[in-house]
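Some notes on the structure that comes next.
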Amino acid sequence: MDARDRLPVLVAGGGLAGLRAALDLAVAGQEVLLIEAGTRLGGGAAHLAALVQTGQPVQALVAELAQAVAAHPRLTVRFGCRLESVTGAPGELCAVLGQTGEGSTEQIRVAAVILATGCSPFQPGGLDFLAYGVVPDVVTSLSVETMLAADGGVVRPSDGCPPRSVAFIQCVGSRMHQPEERPACSAVCCAVSVRQALALPQARRTLYAMDLRAHVAGTQEALNQAEAQGLTVRYARPHTLAAGPDGRGVTFRFIDQQGTECQDAVDMAVLAVGIGLSAANRAMLDASGVELGRGGFVATDPYAPVATSRPGVFVAGTLGGPGEASLASVQGSAAALEALAAVRVSPPPREPLPVLVLGGGAAGLACSLGLAGCGQRVTLVEASARLGGHPRKHPTVWKGRETKEAVAQMAEAVQSLPGITVMTDARLIAAAQTPQGWTGSLATPLGTQEIAFGAAVLALGSGEARPDEYLLGRDPRVMTQLEFENWRRTHPEPDDTPQTVVFIQCVGSRQRHGFTACARVCCAQALCAAVELKKSRPGAQVAVFYRDITTPGESEDLYTEARRLGVLFFRYDPERAPRVERLGADLAVTGEDILLGRSVRLRPDRLVLAVPVVPVGLAETAALFALPTTGPGFLAPVHPVLLPVDLPRPGLFAAGLCLGPKPLDESVAEAQAAAMRAIVYLAGRS
Amino acid sequence: MEPLELAVASPELQDRLQALDVRSCLGCGACASGCPIPGTPGMEGFDPRVAVRLLAMGREAEAAASPFPWVCTSCGRCSHVCPMGIDLTAVFSLLRGLVPRANVPGTLEKGVASVLETGNTLAIPLEDFLDTLSDIGGELAEEECPGFYVPVDKQGADLLVFLNSKEVFGDFDDLKWWWRIFYNARENWTVPSRNWEAEDWGLFTGNPDVSLVLARRKLDLMRSLGAARLLIPDCGGGSYGCRMGLKTCALQDPSRQVDAVYFYDYLLERIASGRIRLDPTRNAGRTYVWHDACKHGRELERHFGKGYYDEPRAILAACVGQENVVAMDPDRANNYCCGAGGGNWPMPFEKESAAHGRFKVAQLEACRADVVVVGCANCRDQLQKRLPRFYPGRCRYEVKYLWQLVAETMIATPWSQTEIEAAQERSRLQQRHFQAELDGGF
Ligand SMILES: Cc1cc2nc3c(=O)[nH]c(=O)nc-3n(C[C@H](O)[C@H](O)[C@H](O)COP(=O)(O)OP(=O)(O)OC[C@H]3O[C@@H](n4cnc5c(N)ncnc54)[C@H](O)[C@@H]3O)c2cc1C
Ligand code: SF4
Ligand code: SF4
Ligand code: SF4
Ligand code: SF4
């Protein structure tokens, strides 16, 4: 055996991402050293009172995962141990570790590194106008979370009484450029505040937001419920928080959207603090030569979402950008896959059966490549005539990369690898479990073909809804986002660029009934298109009517860029949505500029509707495998946060849009995670 | 109302607005929540968010035609919290500059024309100026500072001092506080005979070219008089404009860098070195509070990296004893404006300016200080003269300048007969010199 085989993979950080990565690697046969700077495993997730995704506590599940990690023979855990730097070449990296309390450091050689050191909460003391640390009843969302988790009930600090009124103040230490540069959206704090508000039903609750971002699964439903219970969402930012009478409670002034001066007096104000890299970890990344992105988190590429700028070093969890816990799990598995591929010198014991990957879109391709990279044989089945998925399903450009090109490259790589058998024009029509795994029947142009597979990854994608709204289907100028993207592709010249384009967001999503969820990608997609339009024709009039601009994490950048380019933004209340009609030959959109208090009208050449991603053709495949689906009909994982790509039948996994709407980089991460989970499953079985 | 047709894209912004990044505005309203304008009668529909939105949409004419740019006190409580870090006071000062000069309200534009032409906003002629200095200086010499006179155009002084035209015009007694300090500290100081005014009305009218002219004049005087240091004046707009101008001049021509000392640092220096000795027992029995002028604190910090919060408090504590100092809430960088910033003492928006002051009045009531100590002439007038008229019975405080307090607390260090005689001789020579100049049909 090569000496390098014996080098462990180093996983730094024992939060959800690190635990998942470490356990997956160990089960797959890899030696792992997990270091945790603190004294216990679980990281931030161990402190959560409940998950917004499920409404249920999560501590027991995190503890279970931590126990499995601690018990695994191929896994060594060291506490009080910090990663200080990584240098060297892949396969033989040098990591410097520091032990808490001891001044000394130690150098070890490792085969690959997974950085999962997470983030730290923002300390709001520097924002004098929020009076944190001065007014006793101004607290952070973290302390409310701790109180909720401790079961003691939430009380205000000044007198230990349960608050009868609470103000949640969003975006504290996120989406800001002064006094510190913290431009990214912290992605979970809206969900957290909504969940916390729901947990305080006896109090009068007001949430002060810039945008209420409901992209974390379960948030919009929780919001609907909280609003039905009396939660008020106000688009306003309080300025100077002061103590109420006798130093108890909090009072402040704010100006509402209409410009009216308002006062609020509450028992307690909760600052929804954002997250960012700790100074120590910034230094660690700096010493390791790992590049950061513009948002201040580890930079990654949308098509290699867990690879850092240093070969052999991967990233998972919030260190790579703010995100919910489910993403930490996904990225943990994805990073495990990348690390496994990076350290592999000889193929693992050959699994006799291939893994079936259903769907040749971006997720299916990434999954196949990931599996093949670890020596696993793959059968890739695509229903249409060619790989690459429906080109219309992707924005033209995502995070600065041309989508079509990147997907085409993946398709080419898939076709050139000997370990991957590609079958196009083929559809699975039957599946059955056997003692060895699964068998299935494929309908192909050449007739029915029987296959056997050890595990399967469902990467079936989804489609766009086509609601009968805003003249969609009745006027050729009205298009869905993907129709518009597609139209732009065939009309790319600056001269083709329409003079006036209007986007209407949340068309058929975030409803009180039916499709309740936020469709997650449509805001970023609209902004990508808007930015592209403004760049190709600066004189174009581009306007977006929106409820909340939902650009979580580092995609906040897009929103900022769009504003800077002169895209106009008009918030609308769902009760008073913009009106679309034909005025003579013109298509007219009439809405309100709430901030200026006047109605506005545009006569667009194109009206682009943000319709949600909805399941298309999933029911059939789900039925073949007897899989449960969620309310709207997406595939339901075993656990949305802890096992987000595992399906509740042995050996079955899923990735991408068939699990729900998400941006491309998350689909690719899920694809890699599903590949890793399939490898783990097969290794655990053999 | 008919909907506003947004047929064409907003035009490209003019370079300076673009550079100030107004289009990055999120519309979050944090600025408005900290601004005194919403809730001020007559200002319905206007706040900084609205103004920025109009500018970002290229509708600056609408914003410039409203009273907003003038009623805005440039206090900077808006920019203080703007998540995008937009320098809103710079934006609104630019907005003032977009107003046709004929529409500049009140006496501001006249003042600017006058300062450019005559060297001071009130067009006080040289003869009157010298007479005032000599009369008021003479009074002071008689009352308590034998040998005192105001050195004018003295070559090689350690400190070049500028004056507030309000004081030269009528508030004569206010001139004496600084003079007593200079006398007792035995300062080698001087004032210029021309362009002696501290204020910068270019700042008030949103005209950076004027500010630059005024700063250049100060620099030229430093050079021609061979003075060692320039005392950065006390007047809010003046000190701030002076710094802005000095910074721009130095940027344009590094050789024009001059040694300047902010008056707070000057006072602290002199107290530390013992040239000013204080007797805090004189002020016992009353409580004092420091009012952070926007342009000495928050705005200075934003534009020059350091706000003067601690220095004035140290001087105040030295004068009255820390145990007699109380605090306003909020204060320092988040302090409320007195309501007269940005030229709103002389401007014809009295009601609005007084309404802005509602926050200050409430703050002062809550802190129950007997004496409010200030570092700016506009704050002083607003607190002492305007707010009590608009809030009868609620302004139970006295207002003092910080240097007034220093002068009142200072232990006199009498001059020797020789010193007195030498000064009297210099005063006579100076008078003769200017008499000749004036007779010469100057
Ligand atoms: C109040 C709150 C509520 C939330 N609610 C939800 C929710 O309802 N649903 C949801 O999906 N998500 C939620 N989240 C987000 C979720 O908690 C995170 O996405 C997830 O915990 C991130 O996991 P992680 O492994 O990336 O980081 P962490 O959990 O932060 O783990 C990082 C670990 O690394 C260790 N470490 C740090 N530096 C080093 C070093 N140099 N060397 C070694 N070890 C180091 C730390 O001690 C820590 O244990 C919430 C977050 C917060 C703050
Ligand atoms: S999730 Fe984003 S928008 Fe919501 S509070 Fe956090 S930073 Fe603000
Ligand atoms: S447009 Fe889409 S991403 Fe934006 S808020 Fe609505 S549903 Fe969410
Ligand atoms: S500078 Fe002061 S008065 Fe002017 S807009 Fe800002 S907060 Fe309002
Ligand atoms: S605080 Fe800044 S971003 Fe927010 S509305 Fe005001 S100018 Fe715009």
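Identification of strands (runs of 3 or more DSSP E) wholly contained in segment A:71-114 with 3 or more residues that are in contact with a strand residue (DSSP E or B) (Cβ under 9 Å, 6 or more places away or on another chain) and under 17 Å from A:L285 (Cβ atoms) yields A:81-89, A:92-99. Checking each residue in segment A:657-670 for being under 19 Å from A:A336 (Cβ atoms) and not aliphatic (A, V, I, L, M) picks out A:D665, A:E666, A:S667, A:E670.
Restricting attention to segment A:177-192, the residues that are more than 7 Å from ligand 2 (Cβ to nearest atom), outside any loop (DSSP other than H, G, I, E, B) and not aliphatic (A, V, I, L, M) total 1. Scanning segment B:19-44 for residues that are part of a helix (DSSP H, G or I) and within 9 Å of chain A (Cβ to nearest Cβ) yields B:R23, B:S24, B:A30, B:C31, B:A32, B:S33. Total residues in segment A:255-296 satisfying the condition of being in contact with an Asp or Glu (Cβ under 7 Å, 6 or more places away or on another chain) and within 11 Å of another protein chain (Cβ to nearest Cβ): the figure is 3. Of the residues in segment B:144-167, at least one is more than 14 Å from chain A (Cβ to nearest Cβ), more than 16 Å from ligand 5 (Cβ to nearest atom), under 19 Å from the mean Cα position of the chain (by Cα) and among the hydroxyl-bearing types (S, T, Y). Limited to segment B:13-49, what total is found for residues that are crowded, with 24+ Cβ neighbours inside 10 Å and of a type in the set (S, T, N, Q)? So the count comes out to 1. Considering segment A:200-255, the qualifying strands (runs of 3 or more DSSP E), each wholly inside and each with 1 or more residues that are over 30 Å from A:S555 (Cβ atoms), run over A:204-208, A:250-255. In the set (1) surrounded by 14 or more Cβ atoms within 10 Å (Cβ to Cβ); (2) over 24 Å from the mean Cα position of the chain (by Cα); (3) within 14 Å of chain B (Cβ to nearest Cβ), A:S174 fails one condition alone, (2). For the residues B:R53, B:R16, B:R49, B:R59, the requirement of being under 19 Å from A:G259 (Cα atoms) and more than 7 Å from every other protein chain (Cβ to nearest Cβ) singles out B:R59. Condition check for B:F92 on (1) part of a helix (DSSP H, G or I); (2) more than 10 Å from ligand 4 (Cβ to nearest atom); (3) within 23 Å of B:G42 (Cβ to Cβ): one failure, at (2). For segment B:13-43, a residue qualifies if it is more than 26 Å from A:I169 (Cα to Cα) and without any contact (Cβ under 8 Å) to a residue 24 or more places away in the chain, and the qualifying residues are B:Q14, B:D15, B:Q18, B:A19.
Here's the yes/no breakdown for (1) surrounded by fewer than 17 Cβ atoms within 10 Å (Cβ to Cβ); (2) under 28 Å from the mean Cα position of the chain (by Cα):
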position: B:P392; (1), (2): yes, yes
position: B:V399; (1), (2): no, yes
position: B:T413; (1), (2): yes, no
position: B:S416; (1), (2): yes, no
position: B:Q424; (1), (2): yes, no
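Annotation note: Cβ proximity below 7 Å between a residue of segment A:184-195 that is more than 14 Å from chain B (Cβ to nearest Cβ) and within 10 Å of A:P552 (Cα to Cα) and a residue that is within 10 Å of ligand 1 (Cβ to nearest atom) and of a type in the set (D, E, K, R) (sequence gap 6+ or interchain) occurs for A:A187/A:E324; A:V188/A:E324. For segment A:525-549, how many residues are away from chain B (no Cβ under 14 Å) and modelled with pLDDT under 95? Adding up the residues that qualify gives 4. Among the numbered conditions (1) touching a His at 6+ places or on another chain (Cβ under 7 Å); (2) in a helix (DSSP H, G or I); (3) of a type outside the set (A, V, I, L, M), the only one that B:C337 does not meet is (2). Any residue that is of a type in the set (F, W, Y) and under 23 Å from A:P615 (Cβ atoms) - is there at least one of those in segment A:536-550? No, the conditions are met nowhere in segment A:536-550.
Within segment A:552-579, restricting attention to residues that are within 14 Å of A:C506 (Cβ to Cβ) and within 12 Å of chain B (Cβ to nearest Cβ), the residue that is farthest from the chain's Cα centre (by Cα) is A:P578. Checking each residue in segment A:179-221 for being among the hydroxyl-bearing types (S, T, Y), farther than 22 Å from B:I86 by Cβ and in contact with a strand residue (DSSP E or B) (Cβ under 9 Å, 6 or more places away or on another chain) picks out A:S193, A:T206.
Filtering segment A:500-527 to residues that are among the basic types (K, R) and either more than 8 Å from ligand 3 (Cβ to nearest atom) or within 17 Å of A:G566 (Cα to Cα) (or both) leaves only A:R512. Of the listed requirements (1) surrounded by 22 or more Cβ atoms within 10 Å (Cβ to Cβ); (2) of a type outside the set (F, W, Y); (3) at the interface with chain A (Cβ under 7 Å from one of its Cβ atoms), B:S74 misses just one: (3). Contact annotation: residue pairs with Cβ atoms under 6 Å, 6 or more positions apart or on different chains, pairing a residue in segment A:479-498 that is within 14 Å of A:E464 (Cβ to Cβ) and not assigned by TED's automatic domain parsing to the domain that holds A:G389 with a partner that is modelled with pLDDT under 90 and assigned to a helix (DSSP H, G or I), are A:L482/A:R392; A:N486/A:R392. Residues that are closer than 14 Å to B:R243 by Cβ and touching a His at 6+ places or on another chain (Cβ under 8 Å) within segment B:299-317 comprise B:R302, B:G307, B:Y308, listed in sequence order.
Can you confirm whether A:L602 is buried (at least 18 other Cβ atoms within 10 Å of the Cβ), at pLDDT 95 or above, within 26 Å of B:M1 (Cα to Cα) and more than 16 Å from ligand 3 (Cβ to nearest atom)? Spelling it out, A:L602 is indeed buried (at least 18 other Cβ atoms within 10 Å of the Cβ), at pLDDT 95 or above, within 26 Å of B:M1 (Cα to Cα) and more than 16 Å from ligand 3 (Cβ to nearest atom). The set of residues from segment A:146-165 being under 20 Å from A:H47 (Cβ atoms) and of a type in the set (A, V, I, L, M, F, W, C) comprises A:M147, A:L148, A:A149, A:A150, A:V154, A:V155.
The values are calculated or read from the model by the stated rules, or taken from the named source; none is laboratory data. Predicted model, so just to flag it, every value in this text is computed and none were measured. Positions of Cβ are backbone-derived with ideal geometry, glycine not excepted, and every protein chain shown enters the neighbour counts.
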